[in-house]
Structure formats: C-alpha cells, structure tokens
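Structure first, then comments.
No lab work stands behind these numbers, since they all come straight from the coordinates. This structure is a prediction, so every number in the text was calculated from the model and none was measured. Here the Cβ positions follow ideal geometry from the backbone for every residue, glycine too, while neighbour counts run over all protein chains shown.
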Amino acid sequence: AEIGKRVLGDGWLAARSTEVSATGVELTTTDPPATSQPPWMEAVVPGTVLATLVKNNVVPDPFYGLGNEAIIDIGDSGREYYTFWFFTRFKLKLSTNQYVDLNFRGINYSAELYLNGHKKVLPKGMFRRHCIDVTDILNPSGENLLAVLVFPPDHPGKIPPEGGQGGDHEIGKDVATQYVEGWDWVAPIRDRNTGIWDEVSLSVTGPVKVVDPHLASTFYDNYKRVYLHTTLDLVNKGDKAAECNLTIQVATEVEGDVYTI
Amino acid sequence: EHLYSQILQVPARSLVQYTFPELFFYKPNLWWPNGMGNQSLYDVEINVTVQDHGESDKWSQPYGFRKIENKIDAATGGRLFKVNGERVFIRGGNWILSDGLLRFSKKRYKADIKFHADMNFNMIRIWAGGIAERPDFYHYCDIYGLLVWQEFWITGDVDGRGDPISNPDGPLDHDLFLLCARDTVKMLRNHPSLALWVGGNEQVPPPDINLALEQFLQLHPHYLSSNYS
C-alpha cells in the first residue's frame with residue numbers, strides 16, 4: 001500500500017440500530033449489508049444521522065419552511081431512535097513492515113467500531129480525534145468490512161414546549177455542541193448532531209510514524225530574521241529499533257491550484 | 001538553508017519527541033490578514049525514512065510566518081490586535097458552523113470563507129456553542145486572510161445560567177473536556193489564521209478548566225526571549 005493518508009468518504013451505508021438484528025461481528029464477517037435496501041440507506045459521511053435521513057427523504061429538510069416540526073426530537077424519541085449503524089468496505093493490503101491506522105476526526109458522541117469481526121471502543125467526546133491501529137485485524141485478502149455503531153450525546157435533553165435558550169440545558173453536561181437544543185434563531189437539532197461528523201481516513205506508514213508536528217516561528221530585527229521551530233512525536237510501531245533519516249524542507253510553492261493575489 | 005536532515009534512532013515500540021534545530025529565514029514573505037498584504041504560505045514537508053525499509057511516513061502543511069499579539073486596552077476595555085507589529089482594525093463575523101447537518105465540504109468552506117473576505121472582513125469568531133472548526137475551514141482562512149477567534153465549548157445558557165440554573169460547574173467530565181481541548185489545539189495550532197483561543201462564550205469556564213487551558217496555551221519561555229541569536 002502507498003504510504004500516506006486515504007480518505008474513506010464514499011460508499012457508506014447507515015441504518016437505525018433498532019432495525020438491524022445482526023451484531024457488529026456478524027455485519028463485518030458473515031452478514032454484511034449488500035446494498036442500500038431497507039433498513040440500510042446511503043449515508044452521509046461526514047455528516048449527521050439527520051443528514052443521512054434528509055438525503056434519503058426519510059424526513060424533510062429541517063432548514064426549509066417548518067420542516068423541522070415534522071421531525072421527532074431525541075428528547076421525545078429516546079436516544080435509541082438516533083443510534084445508528086454506519087457501514088463501509090475498503091480494500092487494503094499491506095506490505096511487510098507496513099502499518100495502518102484508522103482515523104476518525106470527529107464522532108458525536110461515542111461509538112463501537114467493528115472491523116472484520118474485531119471490536120474497538122471509541123470513547124465519548126465530540127471534539128477528539130480517534131486513531132486506532134488496525135494493522136493486525138486487516139483481512140489478508142485485502143477486502144475489509146467496517147461497521148461503526150454511533151451513539152448520541154449522553155444528555156440530549158428535552159425541548160420545553162415554549163422552546164427557549166439552550167432547551168433544558170442538559171446538553172451542557174456533555175462535551176459537545178451546545179446550540180443543538182435551540183439558540184436565539186436556531187431551531188433545536190433533532191438528533192443533537194449525532195454522527196460521524198468529520199473525516200474518516202486510513203493512514204499507512206512504515207514502522208515509524210510522524211505525529212502532530214508543531215510549527216512555531218520567532219521574529220527578530222523588525223522581521224528580517226525569522227526562525228522556524230519544529231517539534232514532533234515519532235512513534236516506532238516495530239519490534240526493533242529504527243534507524244531513521246528525518247527531513248524537514250520548507251518550499252515557497254503554493255499548493256495545488258490555489259493562488260493568492 | 002531551508003532543508004535539514006537528521007539521523008536518529010527510535011527504540012522499538014516507543015514514542016519519542018524530537019525538536020529540529022531551528023531553520024533560519026532572512027526576510028521571509030509574511031502572512032497578513034485580509035486587506036493588509038499577501039497571505040504568503042510556505043509548504044512545510046517532513047519525511048521519515050527507515051533503514052532497510054525506505055519511506056516510512058510523510059507530513060506536509062502550508063505554513064505562514066506571522067506574529068499575532070493582542071491585549072485588552074485599559075482605556076476602552078476592547079481587545080487590540082497586532083499582526084506582524086501592525087495594529088489591525090478588526091472587522092469580524094460571528095460563526096456557529098457551516099451547515100447544521102455537518103455536511104462539511106471543502107467547496108462549501110471555500111465559498112463561505114471567501115464570502116467573508118469579499119465582505120472585507122478580517123476575522124471570524126467561532127462561537128462556543130458551535131464547534132471547533134475543522135482543518136479545511138482553517139485552510140481557507142489561511143488562504144483568504146481571515147483571522148480566527150476560536151472559543152471552547154462553554155456557554156452561559158447551558159453552563160451556569162438559565163432558570164433553573166444550569167450546570168454551574170460546566171460539563172460533567174472536566175478531564176474529558178480538557179482532553180478534547182488539548183487534542184483540538186494540536187489539530188489546529190499550525191494554521192497562521194488561528195489568532196485567539198477563548199475559554200467560552202461571554203463567560204469564564206469553571207476555575208479548574210480555565211486554569212488548565214491557560215497553562216496549555218501559555219507561550220513557551222523560548223518565545224518570550226529577546227536575546228535569541
């Protein structure tokens with residue numbers, strides 16, 4: 001596999017958890033959903049459960065007219081109603097001494113992950129990245145099945161009949177978006193933004209991985225002398241010490257087709 | 001002089017932190033907010049190769065050289081900003097998020113942020129009741145010169161106010177809040193558009209959270225020295 005990041009943005013399916021009888025292990029081994037036949041539907045990733053329901057015309061668009069009034073609020077339906085499975089397949093076959101991490105840049109609020117029958121837990125918190133080393137649980141055939149059971153915030157709260165700022169304020173007990181119980185001109189978000197709400201990716205590396213470099217600069221002599229300071233973490237996933245050549249290069253080319261005038 | 005390589009050994013099954021010797025630049029093109037100059041960006045690339053294996057990992061990010069300072073003005077109570085030593089008259093817009101269904105796309109971020117720049121704005125304040133914006137959002141703020149005022153997820157009306165009074169001590173799990181805050185800072189800290197972190201919306205977070213955030217975000221003493229050579 002090529003070293004680097006690969007986004008898993010296409011081909012996702014979703015289904016309400018209460019309408020799926022298979023377990024996570026079965027979904028990712030013996031009983032994967034074949035197509036977007038009910039209860040499965042095409043999923044929006046990144047996006048919320050509500051985005052998936054809107055895409056599939058299960059509910060009206062909440063931001064047009066009074067569409068939001070036709071969607072049941074999680075405070076009335078219960079959390080199970082907006083607890084959803086997300087499923088996708090990907091092909092990946094590693095070479096010797098390669099490693100792969102499965103990355104979620106944002107899940108609201110917590111999740112269980114199943115890859116080829118193996119379970120991992122993604123702990124709660126909307127604003128944290130999850131990085132899971134899945135090297136040892138990839139399928140040797142290169143065909144991989146991934147299912148993610150996403151749970152809503154722990155305290156979605158209820159919306160009082162009169163509405164109001166922040167609803168019943170329960171959402172503030174969680175580390176999640178707070179406008180979702182309604183705010184100023186914002187109507188309550190019925191699923192409280194539950195979902196895989198940011199990028200999902202695979203990152204393939206050799207034994208040594210670069211993690212979270214930090215760039216900072218210092219300025220002297222009226223900005224004539226400038227120094228770039230760079231710190232990073234290096235993780236060796238291998239069983240033996242790695243002799244590395246680490247290089248930093250700074251170029252002035254503007255990336256891709258982006259130009260500033 | 002803008003290229004540096006280092007041979008080093010990383011022990012098996014371990015994490016090491018490494019700091020490169022600083023790279024020197026003479027009169028680099030500086031990054032400026034919208035309306036004050038160009039948004040000059042340099043491509044920073046980091047590669048690691050491993051003996052008997054070859055390329056092991058690579059990382060890159062556009063980076064802008066800029067110095068942002070701010071302080072509360074004693075006379076007016078307002079916050080004053082300087083970028084690269086020049087005072088900036090802030091013209092800003094409030095931001096919750098791009099889409100209430102969180103269907104974020106680069107195309108939409110680009111359009112939204114360019115629109116702010118076209119309106120002659122130079123700052124976007126991301127309200128604490130919304131989200132910590134995503135790297136793609138910051139990327140286009142880097143490109144179009146929008147300074148970003150990013151708040152953490154504490155708001156008066158679900159954390160401490162309301163009738164009955166709500167969660168006066170903030171979220172239940174302070175450690176989780178701080179873990180999320182640390183991770184968010186790590187994700188966004190290299191963007192030149194990132195100008196200011198704020199604890200919450202129109203209020204101060206619970207004391208332990210506030211103190212921890214202040215400690216996370218303190219400048220390293222290295223950057224306060226004026227005698228660096």
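A simple rule links phi to the HN-Hα coupling: the Karplus curve 6.51 cos²θ - 1.76 cosθ + 1.60 with θ = phi - 60°, which for the range B:87-95 gives 5, 10, 7, 7, 10, x, x, 8, 9 Hz, with x for Gly and Pro. In terms of Cα atoms, the Rg and Dmax of the range A:1-47 work out to 13.0, 39 Å.
Of all the options B:Ala74, B:Ala132, B:Ala195, the one that moves most in a Gaussian network model of chain B with Cα springs shorter than 10 angstrom is B:Ala74.
Projected over every direction and averaged, the convex hull enclosing the alpha-carbon atoms of the range B:127-182 yields 4.5 nm².
Over the Cα atoms of chain A, the radius of gyration divided by the Kirkwood radius equals 1.05; this is the Rg/Rh ratio. Over all other residues within a Cβ to Cβ distance under 11 Å of B:Tyr140, the charged ones net out to +2, with Lys and Arg as +1 and Asp and Glu as -1. Between amide H atoms placed 1.01 Å from N, distances below 5 Å from B:Asp43 occur with A:Ala251, A:Thr252, A:Glu253, B:Tyr63, all of them 5 or more places distant or on a separate chain.
Working ranking of peptides A:4-11, B:173-180, A:173-180, A:97-104 by packing, defined as the average number of other Cβ atoms within 10 Å per residue, highest first, is A:173-180, A:97-104, B:173-180, A:4-11. Size estimate for the range A:1-98 follows the Kirkwood approach: the inverse of mean 1/r over distinct Cα pairs works out to 15.5 Å.
Ignoring aspartates and glutamates fewer than eight residues from B:Lys107 along the same chain, the ones with Cα atoms less than 14 angstrom from its Cα are A:Asp257, B:Asp99, B:Asp136. With Rh defined as the Kirkwood radius, the inverse of the mean 1/r over Cα pairs, the Rg/Rh of the range B:83-155 is 0.96.
In sequence order, the range B:64-71 has phi-based couplings of x, 7, 7, 10, 10, 10, 8, 7 Hz under the Karplus curve 6.51 cos²θ - 1.76 cosθ + 1.60, θ = phi - 60°, and Gly or Pro positions carry x. In a DSSP loop and with at most 13 other Cβ atoms within 10 Å, the GluC sites (Glu not before Pro) in the range A:1-78 are A:Glu2. Comparing the range B:78-229 with the 2.2 N^0.38 Å rule of thumb, its C-alpha radius of gyration ratio is 1.12 (two decimals).
Legend: translational diffusion of the protein assembly as shown by Stokes-Einstein, Rh = Kirkwood radius over C-alpha pairs, 25 °C, 0.890 mPa s; D = 102 µm²/s.
Distance between the C-alpha centres of the range B:167-216 and the range B:59-97: 18 Å, rounded to the whole angstrom.
Longest stretch of chain B clear of exposed loop sites (GluC sites (Glu not before Pro), DSSP loop, at most 14 other Cβ atoms within 10 Å, sites excluded): B:2-201. Between A:Trp197 and A:Gly47, A:Gly106, A:Ile107, A:Asn108, the built amide H atoms are under 5 Å apart, and every one of these is 5 or more places off in sequence or on another chain.
Near the amide H of B:Asn201, within less than 5 Å, lie the amide hydrogens of B:Ala128, B:Ile154, B:Thr155, B:Gly156, all on another chain or at least 5 residues away, with H placed in the peptide plane. When Rg and the Kirkwood radius Rh are both evaluated on Cα atoms of the range B:135-222, their ratio Rg/Rh stands at 1.02.
Along the range A:193-200 the Karplus relation, 6.51 cos²θ - 1.76 cosθ + 1.60 evaluated at θ = phi - 60°, assigns HN-Hα couplings of 6, 4, x, 8, 9, 9, 3, 10 Hz to successive residues, with x for each Gly and Pro.
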